[in-house]
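The next block holds one structure in the form of structure tokens; read it before the comments.
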Amino acid sequence: MEEPTTYERHVYKNASVYHYMKISLILENGNKSISAPQFKQLIISALKDLYGEVGAAFPFDLLKFDESSRTAILRVYNRGLVKLWSALTLLGSFQEVACAFRVIQVSPFLLALSGNSRELQFGEGSTS
């Protein structure tokens with residue numbers, strides 16, 4: 001008699017070590033420019049304000065920054081995603097100007113940040 005076939009199910013819970021965040025900085029007076037080093041320093045100061053010196057040493061990478069739209073892609077360890085997100089949420093000013101970070105997308109896969117279905121634009125013939 002033939003033995004029944006057995007199947008094994010393998011579930012990988014977040015196999016990636018990192019999470020990637022696409023964020024943008026919104027300033028009250030929208031015409032102020034900010035460079036990539038200033039942008040990273042702003043995030044470090046937000047971490048320091050919320051978590052002290054230990055928070056300021058928190059590891060994250062600024063992978064890409066667009067000065068015109070003040071949009072960036074950050075890479076952060078999974079264990080620190082919530083800490084970084086909360087520090088960004090609670091930041092309120094940059095050089096005495098009111099500001100806020102907007103988290104656009106978060107994913108454990110960098111490729112997922114290349115497209116956003118919310119910003120999808122169809123051809124001329126379609127109506128939306």
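The values are calculated or read from the model by the stated rules, or taken from the named source; none is laboratory data. Just so we're clear, the structure is a prediction, and the values are computed from it rather than from any experiment. Here the Cβ is made from the backbone with ideal geometry for all residues, glycine too, and neighbour counts use every protein chain on show. These area figures cover heavy atoms from the full protein model, side chains too; ligands, DNA and RNA do not enter into them. Shrake-Rupley method; radii C 1.70, N 1.55, O 1.52, S 1.80 Å.
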Lysine pairs in the chain with Cα atoms under 24 Å, if 8 or more residues apart or on separate chains: 16
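Return the carbon/sulfur percentage of the accessible area of the chain, one whole number, probe 1.4 Å, all protein chains in place.
The nonpolar share, carbon plus sulfur, comes to 52 percent.
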Cα-based helix-to-principal-axis angle, 36-56 vs the chain, degrees rounded to 10: 80
Debye equation applied to the C-alpha atoms of the range 58-121, log10 I(q)/I(0) at 0.18, 0.21 Å⁻¹: -0.80, -1.07
Cα-centre dipole for the chain with unit charges at Cβ (Lys and Arg positive, Asp and Glu negative), debye to 20: 300
By accessible area with a 1.4 Å probe, ligands and nucleic acids excluded, highest first: order of 1, 21: 1, 21
Mean separation of Cα contacts under 8 Å, 6 or more apart, over the residue count of the chain: relative contact order %: 36
Computed [θ] at 222 nm, helices only, for the chain once each DSSP H run of length n ≥ 4 contributes -39500 (n - 2.57): -8000 deg cm²/dmol
Surface per residue (accessible, 1.4 Å probe) for the chain, Å²: 72
Protection proxy ranking of 60-72, 30-42, 77-89 - average other beta-carbon atoms within 10 Å, highest first: 77-89, 60-72, 30-42
FRET efficiency estimate (nearest 0.05) - Cβ-Cβ, residue 109 to residue 40, R0 22 angstrom: 0.45
Label selected from (i) 12, 47, 36, 4; (ii) 11, 36, 27, 13, 7, 4, 2, 0; (iii) 13, 44, 31, 11, 1, the criterion being P(r) over Cα pairs in 10 Å bins from 0, in percent as computed here: (ii)
